[in-house]
Amino acid sequence: MKEFDEYLAMVNNAISALKLPDNPKGLYDPIRYTMEAGGKRLRPVLTLAACDAMGKEPGTAIHQAIAIEMFHNFTLLHDDVMDNADVRRGRPTVHKKWDEETAILSGDAMLTTSTMLLAIKSGEHLASALDLFNGTAMNIYEGQQFDMDFEKRMDVTVEEYMEMIRLKTSVLLGCACGMGALMADAPFETQLQFFNYGVNLGLAFQLQDDYLDTYGNPETFGKTIGGDILNDKKTWLLIMALQEDETGKLKEVIGSDISADEKISTVREIYNSLNLPDRIHELIRAYIDTAISCLDHIGLMPEARAFFIDLALKSATRNK
């Protein structure tokens, strides 16, 4: 097994080596802008690491890893348009730097490019890789629709929310892990356990994102803090607070015309009064523990097991 940064270097080198056409610039420059912005690159690293853990050279899955990263960035491009987000990874979003039409079309091109990348050197695994990839994509679209539906509802349950983030966010981490195992010729049961590891890791990851959006440092998080609160976005924090706030103050604040700073401060105080920061971290740790338990069903060498355990534990305490 390699170190995380070694897999990351492989991913970044492969992205730098992508040969996108020069013209039309209006289509391809936003893709370059998006892919060069960096990010955690967690998904492609998981693909390479899972392939490596199963005894194959990690480069065996490099095209599939980059396909997943390209797809992930496509979803972010369209998400930013839907959310009218100004900043992504500390830089203007594509629809702000260019316009909405450009963001939509470049995103479409990224989706097609990701499928083309997935097919490269997939060999006998092509059909299975496409099934996994396309099934995951449809789950993500379903999750996005649920997220949009929740904007119009005040009665969203925690169970509904967790299913939404499983679909919208977590399954792509599961796909990344399962894809690496698939490209390494691992048995289906092993692929499934890797998939389940990634899904539980993804649930913890998204809950930590929810926490950081309210309590994080904007300089390290890369986004304006409090965006979820200002948009009345249904997160675990807001849903729990709506269920448990007996003062009625939270419902008064939602949809009100008070200043942004006052709204963020007021909602955060309600969250604190209900001890939600500590409680969400307890839930994050529970999903991390479940992810780690999935590794018990995979015949991993100690070094590989340690890699995936360490990655899961760090995800629970990250600040960006």
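Assorted remarks:
- Filter pass, A65 being in contact (Cβ under 8 Å) with a residue 12 or more places away in the chain, touching a helix residue (DSSP H, G or I) at 6+ places or on another chain (Cβ under 7 Å) and closer than 19 Å to T112 by Cα: yes
- Candidates M148, M154 - the one that is over 25 Å from I15 (Cβ atoms), assigned to a helix (DSSP H, G or I), in contact (Cβ under 8 Å) with a residue 60 or more places away in the chain and open to solvent by 20 Å² or more (accessible area, probe 1.4 Å): M148
- The stretch 257-300, residues that are of a type in the set (S, T, Y), within 21 Å of G216 (Cβ to Cβ) and touching a helix residue (DSSP H, G or I) at 6+ places or on another chain (Cβ under 8 Å): T266, Y271, Y287
Quick grid of which residues meet (1) part of a loop (DSSP other than H, G, I, E, B); (2) in contact with an Asp or Glu (Cβ under 8 Å, 6 or more places away or on another chain); (3) touching a residue at least 60 places away in the same chain (Cβ under 8 Å); (4) farther than 18 Å from L77 by Cα:
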site	(1), (2), (3), (4)
N12	no, no, no, yes
D22	yes, no, no, yes
L27	no, no, yes, no
R32	no, no, no, no
A37	yes, no, no, no
R43	no, yes, yes, no
L48	no, no, yes, yes
D52	no, no, yes, yes
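- Hits in the stretch 267-299 (condition: more than 16 Å from Y211 (Cα to Cα) and either free of Cβ contacts under 8 Å to residues at least 12 places away in the same chain or more than 25 Å from the chain's Cα centre (by Cα) (or both)): D289, S293, D296, G299
- Matching entry among D86, D149 (being of a type outside the set (K, R) and touching a strand residue (DSSP E or B) at 6+ places or on another chain (Cβ under 8 Å)): D86
- Matching residues in the stretch 64-97 - criterion: being open to solvent by 30 Å² or more (accessible area, probe 1.4 Å) and either touching a Lys or Arg at 6+ places or on another chain (Cβ under 6 Å) or part of a loop (DSSP other than H, G, I, E, B) (or both): N84, D86, V87, R89, G90
- Within the option set R166, R153, being at pLDDT 95 or above and charged (D, E, K, R) holds for one residue only, R166.
- Selected residue (criterion: least open to solvent (accessible area, probe 1.4 Å)) from residues of the stretch 214-253 that are in a helix (DSSP H, G or I) and charged (D, E, K, R): D228
- One residue alone among L313, L295, L283 is open to solvent by 60 Å² or more (accessible area, probe 1.4 Å) and in a helix (DSSP H, G or I), and that residue is L313.
- In the stretch 183-213, the residues that are under 18 Å from S128 (Cα atoms) and of a type in the set (S, T, Y): T190
The values are calculated or read from the model by the stated rules, or taken from the named source; none is laboratory data. Remember, predicted model here, so these are calculated numbers, not experimental data. All Cβ positions, glycine included, derive from the backbone under ideal geometry; neighbour counts span all protein chains shown. For accessibility, only protein heavy atoms count, side chains too; no ligands or nucleic acids. Shrake-Rupley method; radii C 1.70, N 1.55, O 1.52, S 1.80 Å.
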